[in-house]
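Asks: First, the structure itself, so that you have it in front of you.
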Amino acid sequence: MTVETERLRTTVAAELDRARRRTTTLTEAVDDDDLVRQHSRLMSPLVWDLAHVGNQEELWLVRDVGGREPVRHDIDELYDAFQHARVDRPALPLLGPAEARAYVSTVRDKALDVLDAVRLDGRPLVAEGFAFGMIVQHEQQHDETMLATHQLRTGAPVLQAEPPPSARVPATGEAFIPGGPFTMGTDTEPWALDNERPAHVVDVPAFHLDVAPVTNARYAEFIDAGGYDDPRWWSEAGWAHRQRASLGAPLHWHRDGDRWVYTRFGRTTPVVPDEPVVHVCFHEAQAFAAWAGRRLPTEAEWEKAARFDPATGRARRYPWGDEDPQPRHANLGQRHLAPAPVGAYPDGASPYGVQQLIGDVWEWTSTDFHGYPGFRAFPYREYSEVFFSPEYKVLRGGSFGTDRAACRGTFRNWDYPIRRQIFAGFRCARDAEPGESA
Ligand SMILES: [Fe+2]
């Protein structure tokens with residue numbers, strides 16, 4: 001066995017363990033009643049997520065990669081996300097908390113056995129540890145979903161974390177991104193998912209992009225200016241939804257006298273003005289941008305601003321370079337339970353000076369979720385391809401609740417334009433004038 005393979009096995013085991021420790025934190029923070037309860041119709045009971053994480057690990061690592069006997073063949077159907085909508089999951093004969101914990105732990109022991117024994121080359125599913133990386137990302141993505149469930153849960157606070165760092169540099173205004181081609185997507189990132197592939201050249205016309213995500217203070221100006229009551233700023237679908245859902249402020253915001261407060265993980269505090277706004281849907285983001293005389297960036301614009309290095313002509317892995325995210329670069333991984341104020345991460349800026357593209361809040365783009373030219377479903381159509389549709393909008397960059405394992409300059413998330421329970425905000429863009437240069 002080569003040193004390289006040995007190193008990869010150690011990395012995979014550490015990443016699996018890191019994901020599981022987070023899952024454990026999120027599921028042990030509440031009692032059994034809370035674990036089986038549905039906190040919102042939009043979300044599964046936490047105990048469903050827990051056993052589903054184990055079931056996917058069993059299907060891919062134990063059965064497929066390892067060729068081992070099933071642990072629990074009988075529960076596959078219960079934990080197949082395509083068989084049962086979230087709203088219906090509480091009524092299923094789910095594993096109880098103790099059973100679910102025992103199940104995921106048995107599966108993990110077997111997956112680690114498989115990791116010890118399997119060759120990590122040859123078959124595309126296991127080359128460079130891909131299937132293990134996919135399962136690590138899957139668990140981390142469910143951890144973010146479970147964090148969103150925690151945010152929807154009522155009752156006393158149960159999660160603790162340090163507050164995010166304060167602003168260190170000004171982060172206002174726009175960056176100018178000159179027109180020209182760049183390489184979008186990737187062929188080389190070993191754990192990149194099928195929808196991030198293949199790398200392809202996209203010519204992006206010159207544009208301006210906000211240096212930082214839109215803040216609560218700026219968003220409150222839109223509210224105060226009557227933005228929610230003026231159909232001029234809203235698309236037809238957005239206005240219809242705003243009426244139907246009686247939208248008037250981001251989710252979790254409440255009026256307290258003449259100020260806004262928000263409730264976060266059970267704690268209610270005044271809204272912090274220079275934090276990125278979060279818990280707004282695509283329609284709200286789009287209406288704000290129209291009111292501000294701007295627009296949302298396209299997905300290609302976002303990725304070019306995040307990855308393109310004009311000095312070398314290359315696309316980087318992250319805005320700051322190719323180095324994996326460190327705490328000084330970005331607010332990721334649930335280290336904090338809130339986005340950091342704008343200007344808190346100058347070390348994470350892109351070559352164009354755009355800040356906080358990674359971490360803090362997912363950013364809505366104006367782009368529908370589709371496959372890149374030359375897309376090939378891998379390892380299964382249900383990962384991405386079945387979601388390719390104008391019904392979904394792409395979000396980029398990850399939030400404070402996204403782990404670094406499930407976040408890259410190429411990583412793509414998608415959701416319905418009405419969704420607000422996710423940790424999503426946005427930044428604005430505008431076209432450059434003809435002939436304009438930096
Ligand atoms: Fe899943």
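None of the figures in this text is laboratory data; all of them are computed from the coordinates on show. Everything numeric in this text was worked out from a predicted model, so none of it was measured. Here Cβ is always computed from backbone atoms with ideal geometry, including for glycine, and neighbour counts include all displayed protein chains.
Asks: Could you list which residues have their amide H under 5 Å from that of ARG427, counting only those 5 or more apart in sequence or on another chain, with H placed in the peptide plane?
Replies: Result for ARG427 returns VAL214, TRP364.
Asks: Now, a different point. Highest mean first, how do 297-303, 357-363 rank when packing is the count of other Cβ atoms within 10 Å averaged over residues?
Replies: 357-363, 297-303
Asks: Would you mind checking segment 259-300 for residues with the amide N under 18 Å from a putative spin-label position 7 Å along Cα→C-beta of ARG232?
Replies: Inside the label zone: 286-295.
Asks: On to the next question. Considering only DSSP beta bridges with both partners in the chain, what is the antiparallel share in %, to the nearest 5?
Replies: On the way: 33 of 35 bridges.
Roughly 95 percent of the DSSP beta bridges within the chain come out antiparallel.
Asks: Using the Karplus curve 6.51 cos²θ - 1.76 cosθ + 1.60 with θ = phi - 60°, what ³J(HN,Hα) values do you get for each residue of segment 19-24, in whole Hz, with x for Gly and Pro?
Replies: 5, 5, 5, 5, 4, 5
Asks: Also, I was wondering about something else. Report the equivalent ellipsoid semi-axes for the chain in whole Å, largest first, defined as the square roots of five times the eigenvalues of the gyration tensor built from alpha carbon atoms.
Replies: 35, 28, 20
Asks: Which residue, HIS73, MET146, VAL342, has the largest displacement toward the positive end of the dipole of the chain when charges sit on each Cβ (Lys, Arg +1; Asp, Glu -1)?
Replies: Among HIS73, MET146, VAL342, the one farthest towards the positive end of the dipole of the chain is VAL342.
Asks: Follow-up question, since we're still on this one. Quick one: what are the phi-derived ³J(HN,Hα) couplings along segment 148-156, Karplus 6.51/-1.76/1.60 with θ = phi - 60°, whole Hz, x for glycine and proline?
Replies: 5, 5, 4, 5, 8, 6, 9, x, 5
Asks: Right, next: Length gain on complete extension for the stretch ASP17 to SER166, per 0.36 nm per residue less the alpha carbon to alpha carbon distance?
Replies: Difference between extended and current length: 50.6 nm.
Asks: For the chain, with only Lys/Arg (+1) and Asp/Glu (-1) charged at the beta-carbon, what is the dipole magnitude about the Cα centre, in debye rounded to 20? Each step should come with its number before you reach the end.
Replies: Values: 49 positive and 65 negative charges, 92 e Å.
With only Lys, Arg, Asp and Glu charged at Cβ, the dipole is about 440 debye.
Asks: A follow-up question, please. Just grab the label-to-label distance for ALA98 and ALA117, each label 7 Å out from Cα along the Cβ direction, in nm (one decimal).
Replies: 3.1 nm
Asks: Between THR263 and HIS73, what length comes free when the chain is fully extended (0.36 nm per residue of separation minus the Cα-Cα distance, one decimal in nm)?
Replies: Here the segment from THR263 to HIS73 would lengthen by 64.3 nm.
Asks: Which of GLY401, TYR228, HIS329 sits closest to the plus end of the dipole of the chain, meaning its Cα is farthest towards the positive end, when Lys and Arg get +1 and Asp and Glu get -1 on the C-beta?
Replies: Working it through, the farthest residue towards the positive pole turns out to be TYR228.
Asks: Ranked highest first by the average count of other Cβ atoms within 10 Å around their residues, in what order do 124-137, 262-275 fall?
Replies: Most protected by this proxy first, the peptides run 124-137, 262-275.
Asks: Treating only the Cβ of Lys, Arg, Asp and Glu as charged (+1, +1, -1, -1), what charge dipole size does segment 1-43 show about its Cα centre? Round to the nearest 20 debye.
Replies: Charge dipole, segment 1-43, about its Cα centre: 220 debye, nearest 20.
Asks: Work out how much length ASP64 to VAL3 would gain on full extension: take 0.36 nm times their residue separation and subtract the Cα-Cα distance, in nm to one decimal.
Replies: My answer for the length gained is 19.4 nm.
Asks: List the residues, sorted by chain then number, that are 5 or more residues from HIS252 or on another chain and whose placed amide H is less than 5 Å from its amide H.
Replies: none
Asks: Roughly how many debye, to the nearest 20, is the charge dipole of segment 57-170 about its Cα centre, given +1 on each Lys and Arg Cβ, -1 on each Asp and Glu Cβ, and no other charges?
Replies: 300 debye
Asks: List, in order, the whole-Hz ³J(HN,Hα) value for each residue of segment 353-361 obtained from phi through the Karplus relation with A = 6.51, B = -1.76, C = 1.60 and θ = phi - 60°; use x for Gly and Pro.
Replies: x, 8, 10, 6, 6, 9, x, 6, 9
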